[in-house]
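Read through the structure below, which is laid out as structure tokens, and then see the notes.
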Amino acid sequence: MQQLSKPLIGMQISPISFIDEGVEACLDTLFDRAGVNALMIGTISWLGLKVGRRISHALEGWPDHGVKAPYTMRGGSYLNVRSEFYSDTIIKDFRSRDPEMDGKDILDLVIPEAKKRGMQVIPEFMEPLFKYAGHGSAAAVEIPNMPQCLEVDLHGRVAGEPCTSNPHYRRWWQGIVEEHVRNYDIDGIMWCNERNSPIDRMMQGQAPGCFCEHCRREARNRGIDVERVKLAFREVWDYFQAARAGRNFVDGAFLECLRLLLRNPEVLVWERFWLERSKDLDAELYGIVKWLNPKLSFGLNVWNRNHFNPIRKAQWAWEEQTKYCDWVKPITYQHQAGEVFMKEMGFFGATMLKDFTANEFVPAMYAILGLKEAPADKVIAAGMDPDTYVHGQCADAVRGVAGKAKVYMGIGVDAPRVRADQAVCTPDIVYRSVHATFGAGGEGIVYSPNYAGMNLSNLDGGRKALEELGFVKPIAVQL
């Protein structure tokens with residue numbers, strides 16, 4: 001198949017698909033049938049969504065390709081880890097122990113064949129890596145010393161994720177990026193930051209953090225009174241706990257929340273401190289890639305919560321992100337999106353908006369967020385419409401980056417459902433999503449979240465749109 005033009009047509013894919021289907025056969029399917037010219041390979045993860053087979057098989061069955069059996073994934077790095085890149089961190093032994101990948105380096109296997117077909121190879125990283133609910137987490141994280149890098153919450157308890165301000169954890173990520181760039185003929189890096197902020201966590205019923213020694217030291221260096229911050233958080237934490245437990249407030253939950261935040265501005269100071277450190281990590285990895293090889297691209301895989309939550313949307317402005325990326329990939333898993341959005345609204349409905357029903361406050365949220373979708377009681381079953389949702393989010397990103405970065409839309413293809421009443425992906429949804437992207441000014445697409453969980457019949461809808469747009473030649477036999 002000869003490409004007629006060169007928009008990026010990407011595919012997020014796990015290492016196991018190349019083992020299950022064979023490298024050459026898998027690449028031929030992606031290139032010839034789906035028109036894919038860029039591979040976003042999950043080279044290190046402990047999440048089945050990124051490096052496993054379909055994680056929703058109990059609800060949805062198996063896709064129309066690949067091995068139709070659960071994958072006993074243990075996670076890790078799917079490369080031959082080189083110790084010299086990790087001499088300055090206590091995190092060293094993290095090579096995957098999956099028996100299917102024993103002795104194999106996924107980039108060594110795939111890159112030569114991908115290059116023969118003119119396909120870009122862009123390793124995909126996602127943070128956090130571990131114990132991510134709904135993402136098919138590995139049962140255990142078999143990395144010596146990792147517990148020494150974990151966060152400490154408001155109550156002094158060791159929490160469930162490594163702290164991104166822990167120097168060993170941060171240097172580990174820097175080593176991962178350097179190892180990839182120095183040793184493989186790749187075309188770029190795709191980085192995804194899906195951390196919950198302190199306010200996020202309180203709304204979700206989790207204690208805020210992180211108050212480890214490294215975070216406290218950094219905060220003091222910035223002139224922040226950490227003990228006063230902790231006192232402020234305790235009052236706001238008590239509010240969120242009480243609201244979630246059903247307590248009513250004299251002036252209502254929203255005004256009570258506003259009152260407590262105004263009375264305890266240190267919570268917002270810490271939220272800003274946390275946010276800056278999170279963005280700093282993104283920028284540091286971008287800088288490492290550019291220092292090692294300025295020709296490589298650095299892309300941001302942007303969480304859909306950033307456009308489903310007004311607090312996060314305010315925090316993650318598009319133009320700011322262009323300072324440390326070459327392209328952005330907004331996640332829009334359209335058939336799945338109604339459930340994801342209503343889950344997000346549930347956090348508000350359980351706390352600061354608890355005095356209102358979803359049918360009362362969701363229309364206002366839609367207006368604030370620029371969404372035009374089905375009512376709250378219908379959006380899970382309906383999903384979100386590609387013509388409004390994908391088109392709208394792409395147009396929003398194009399306006400936001402203001403020509404300073406490219407926009408490649410993350411098109412959901414069989415993103416895992418969690419409920420039987422949730423909308424199902426179809427070829428028409430993929431077809432209209434591709435058209436919506438290019439109609440809104442996008443410069444590429446990335447089929448997501450993982451090829452191993454996709455039906456080829458749904459990808460055929462995307463292929464049809466690409467043919468109509470003139471990006472690929474029609475194949476001899478229509479699918």
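Based solely on its DSSP helices, what 222 nm [θ] is calculated for the chain when runs of n ≥ 4 H residues each add -39,500 (n - 2.57) and the sum is averaged over all residues, nearest 500 deg cm²/dmol?
Mean residue ellipticity, 222 nm, calculated: -12500 deg cm²/dmol.
How much length is gained if the chain between THR72 and GLU284 is pulled fully straight, taking 0.36 nm per residue apart and subtracting their Cα-Cα distance, in nm to one decimal?
Details: separation 212, 0.36 × 212 = 76.32 nm, distance 3.38 nm.
Full-extension gain reported as 72.9 nm.
Under a cut-off of 17 Å between alpha-carbon atoms, report the lysines in cross-link reach of LYS343, not counting same-chain residues fewer than 8 places apart.
LYS313, LYS354, LYS378
Quick check on my link table: of LYS131/LYS230; LYS50/LYS279; LYS6/LYS404, which ones sit more than 24 Å apart, alpha carbon to alpha carbon?
Violating the 24 Å limit, Cα to Cα: LYS131/LYS230.
Specify the angular offset, from 0 to 90 degrees and rounded to the nearest 10, of the alpha carbon long axis of helix 358-369 from the longest principal axis of the alpha carbons in the chain.
70 degrees
Apply the a/c threshold of 1.5 to the C-alpha gyration tensor of the stretch 84-194 and tell me whether it is rounded, prolate or oblate. Numbers along the way, then the final one.
Values: a/c = 1.98, a/b = 1.84, b/c = 1.08.
Prolate, because a/c is 1.5 or more and a/b exceeds b/c.
What's the local net charge at ALA374, with K and R +1, D and E -1, over the other residues with C-beta under 14 Å away?
Working: positive: LYS372, LYS378; negative: GLU339, GLU373, ASP377, ASP385, ASP387, ASP421.
Every neighbour counted, the sum reads -4.
Between beta-carbons, use under 10 Å as the cut-off and find the net charge around TRP316, counting Lys and Arg +1, Asp and Glu -1.
Values: positive: LYS279, ARG305, ARG312, LYS313; negative: GLU320.
It works out to a net charge of +3.
Counting DSSP beta bridges in the chain, what percent are antiparallel, to the nearest 5? All intermediate terms of the calculation are to be shown ahead of the outcome.
Values: 7 of 41 bridges.
Approximately 15 percent, going by the DSSP bridge assignments.
Calculate how steeply helix 253-263 sits against the longest principal axis of the alpha-carbon atoms of the chain, using the helix alpha-carbon long axis, and give the answer as 0 to 90 degrees to the nearest 10.
70 degrees
Which whole-Hz ³J(HN,Hα) couplings does the stretch 305-313 yield from phi under the Karplus relation 6.51 cos²θ - 1.76 cosθ + 1.60, θ = phi - 60°, glycine and proline marked x?
Per-residue couplings from phi come out as 4, 5, 10, 9, 10, x, 5, 5, 4 Hz.
On a 0 to 90 degree scale, rounded to 10, what angle separates helix 391-401 from the longest Cα axis of the chain?
70 degrees
Every read-out reported here was derived from the displayed coordinates using simple, explicitly stated rules and does not represent laboratory data. Model, not experiment: these values are computed from the prediction. Heads up, the Cβs are rebuilt from the backbone with ideal geometry, glycines too, and the neighbour counts pull from every protein chain shown.
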